[in-house]
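Novice: Below you will find the structure I want to go over with you.
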Amino acid sequence: MFVPRDVYGVVRPRTVDEVRDIVRAFARTEDGPRLQALSTGRNWGLGSREPARDGVVTLELGGLDAVRELSVEGGWAVVEPGVTQLRLAELLSGTGRMLNVTASSGHTSVLGNAVDRGVGLRRQRTLDLVGLEVVLPDGELIRTGWWPHGEHPGAINPQGLGPSPLALFTQSDLGIVTAGVVRLLPRPEAQCVLRLGFGSGRLAEAVDELRRWTAQGLVSGVLKVYDPVSTRSYGGLGDEYLTHLCVSGTERSVAAVTRVIEEEAEESGLFTRVLRSDEHPPAPDDLVARAVERLYAGDPSRNEAMLRSAVGQEADRVDAEGGGWLFFLPLIPFTGPSVARAQELLDRVHAETGIRPGSTVNALDPDVVDLVVSFRFPRTEHHARQAHRALDRTYELFAEAGFHPYRLDSDHHAWMDRFSGDPAARAFVRRLKETLDPRRVIAPGRYA
């Protein structure tokens, strides 16, 4: 579905020492192929395992799949790139901690998504990332951020003392990540998920009301709003927007806040229905609502049903046999006019290309929305070309509106400079690359 690149081979190390040996071997060779590292390769909609450039050898890190350490008391786990979110979530089942999981397959990498700055149901995944183990382009192994040491690891402090290089290795071609420390969230004592519907004519007003609730602390985690296209993509029916809103805490606080939201929703007159998960559980065929309810609780076990509904295949067959799926992932202001403007742009894409994108609002905080724009299409050359035209046009229209993506697909790495606010900052990163990797051992990725 994306431009195929020249990949000279695949190397599958099983240990960190093997990764270091491979990197050193490539560092000794001038003008040879470069290494492109990946975790599980399930970066669907953004290129999956496809490199951004030609002439690479793929370094698949799925064989590094150890959970090296896990502390329920301290609220952290040390994981390697091959550890999936389903596996880590299952290890935490029945404990007082949970993983900030995403709505993607349970078979995706915890660490791979975090270093690409993905979004979970509770918050952005970068907030979970507190330490990274990295193999540098000369084979040296370093650990940045916070790492547990000895019997008394102390409090988590991702920044440490002095300049912190932690963020340099997210969306980065400066090193190869072989492990990371991720935070584990306290598991709420109680939870209720509300589902609120509203018509397309009330989009701006409803979004502003939802923002007010978020700003005033009524919402736990990432509030989600599926547009009608996205809802139907996962087997849902109807022509309404559907909000999923989580309230968590103690039994009494959840009961009180849920009641307040119900009253606020009724007084606003904006919502056609307000359903509580404890009184109106999702129907067996409501794949989105059933999955989202469990995701807020750190359980991705129902994600596979959503995946099958979207692309028609299990996780290990999506790239080979699944339906067409592309993503565009901009950040936009959490305001009614901004969300309505984004929908107008997507309507324009549909009018110009014939492809109807779906969108999902993920409210990261009272000010910022992660808007997941998806393009589904039959897996034929004609439909793929049509979908990519729609994706290209979406990049153009959203850039003009000032709605820039926070993640890129493998075909749009050339947009990196366009979206960078300060050319001097980009030049600084290039100088870092030249200093750390003068022989270009690590291939430039989507953000190079």
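The values are calculated or read from the model by the stated rules, or taken from the named source; none is laboratory data. Keep in mind the model is a prediction, meaning the values are calculated, not measured. Ideal geometry is used to build each Cβ from the backbone, glycine not excepted, and the neighbour counts take in all protein chains shown.
Novice: Within the bounds of the stretch 38-54, is there any residue that is over 29 Å from Glu304 (Cα atoms) and modelled with pLDDT under 95? Can you show your working first?
Specialist: Of the stretch 38-54, the ones over 29 Å from Glu304 (Cα atoms) are 53-54.
Checking which are modelled with pLDDT under 95 leaves us with 53-54.
Yes, the stretch 38-54 has at least one match.
Residues are listed down the side, and each one gets a yes or a no for (1) hydrophobic (A, V, I, L, M, F, W, C); (2) surrounded by fewer than 21 Cβ atoms within 10 Å (Cβ to Cβ); (3) at pLDDT below 95:
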{"residue": "Asn100", "(1), (2), (3)": "no, no, no"}
{"residue": "Ser105", "(1), (2), (3)": "no, no, yes"}
{"residue": "Ala114", "(1), (2), (3)": "yes, no, no"}
{"residue": "Gly139", "(1), (2), (3)": "no, yes, no"}
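Novice: Then there's this: Please tell me if Arg341 is closer than 21 Å to Phe198 by Cβ and in contact with a His (Cβ under 7 Å, 6 or more places away or on another chain). Before you say what the answer is, go through the steps one by one.
Specialist: Working: closer than 21 Å to Phe198 by Cβ: yes; in contact with a His (Cβ under 7 Å, 6 or more places away or on another chain): no.
No.
Novice: Select from the stretch 1-54 the residues that are without any contact (Cβ under 8 Å) to a residue 24 or more places away in the chain and either outside any loop (DSSP other than H, G, I, E, B) or touching a Pro at 6+ places or on another chain (Cβ under 9 Å) (or both) and list them in ascending order.
Specialist: Within the stretch 1-54, Asp17, Glu18, Ala25 meet the criteria.
Novice: Filter the helices (runs of 4 or more DSSP H) completely within the stretch 233-349 down to those with at least 1 residues that are at pLDDT below 95 and of a type in the set (Ser, Thr, Tyr). Please lay out each step first, then the result.
Specialist: Details: elements: 251-268, 287-296, 303-311, 318-321.
Here the list reads 303-311.
Novice: Only one residue in Asp365, Asp392, Asp347, Asp370 is surrounded by 19 or more Cβ atoms within 10 Å (Cβ to Cβ) and among the charged types (D, E, K, R). Which one?
Specialist: Working: Asp365 fails: surrounded by 19 or more Cβ atoms within 10 Å (Cβ to Cβ); Asp392 fails: surrounded by 19 or more Cβ atoms within 10 Å (Cβ to Cβ); Asp347 fails: surrounded by 19 or more Cβ atoms within 10 Å (Cβ to Cβ).
When all the criteria are applied, what remains is Asp370.
Novice: Then there's this: Could you please give the count of residues in the stretch 3-44 that are exposed (fewer than 15 other Cβ atoms within 10 Å of the Cβ) and farther than 16 Å from Glu80 by Cα?
Specialist: Of the residues in the stretch 3-44, 12 are exposed (fewer than 15 other Cβ atoms within 10 Å of the Cβ) and farther than 16 Å from Glu80 by Cα.
Novice: Scan the stretch 379-390 and give yes if some residue there is in contact with a Pro (Cβ under 8 Å, 6 or more places away or on another chain), among the polar types (S, T, N, Q) and in contact (Cβ under 8 Å) with a residue 24 or more places away in the chain, otherwise no. Quick ask: steps written out before the conclusion?
Specialist: Filtering the stretch 379-390 down to residues in contact with a Pro (Cβ under 8 Å, 6 or more places away or on another chain) leaves 390.
Now narrow it down to the ones that are among the polar types (S, T, N, Q): none.
The answer is no, given that none of the residues of the stretch 379-390 is in contact with a Pro (Cβ under 8 Å, 6 or more places away or on another chain), among the polar types (S, T, N, Q) and in contact (Cβ under 8 Å) with a residue 24 or more places away in the chain.
Novice: Shifting gears a bit: Taking into account only those residues within the stretch 397-408 that are more than 17 Å from Thr170 (Cβ to Cβ) and crowded, with 20+ Cβ neighbours inside 10 Å, which is nearest to the chain's Cα centre (by Cα)?
Specialist: If we take residues in the stretch 397-408 being more than 17 Å from Thr170 (Cβ to Cβ) and crowded, with 20+ Cβ neighbours inside 10 Å, then Phe403 is nearest to the chain's Cα centre (by Cα).
Novice: Another one. Restricting the stretch 261-279 to residues that are without any contact (Cβ under 8 Å) to a residue 60 or more places away in the chain and closer than 16 Å to Cys246 by Cβ, which is surrounded by the most Cβ atoms within 10 Å (Cβ to Cβ)?
Specialist: Glu264
Novice: Additional query: Would you be able to tell me the number of residues in the stretch 160-189 that are outside any loop (DSSP other than H, G, I, E, B) and either β-branched (Val, Ile, Thr) or over 14 Å from Gly145 (Cα atoms) (or both)? It would help to see each step written out before you state the result.
Specialist: Just the residues of the stretch 160-189 that are outside any loop (DSSP other than H, G, I, E, B), to begin with: 166-169, 176-183, 185-186.
Filter once more, so that each one left must be either β-branched (Val, Ile, Thr) or over 14 Å from Gly145 (Cα atoms) (or both): 176-178, 181-182, 185-186.
Final tally of qualifying residues: 7.
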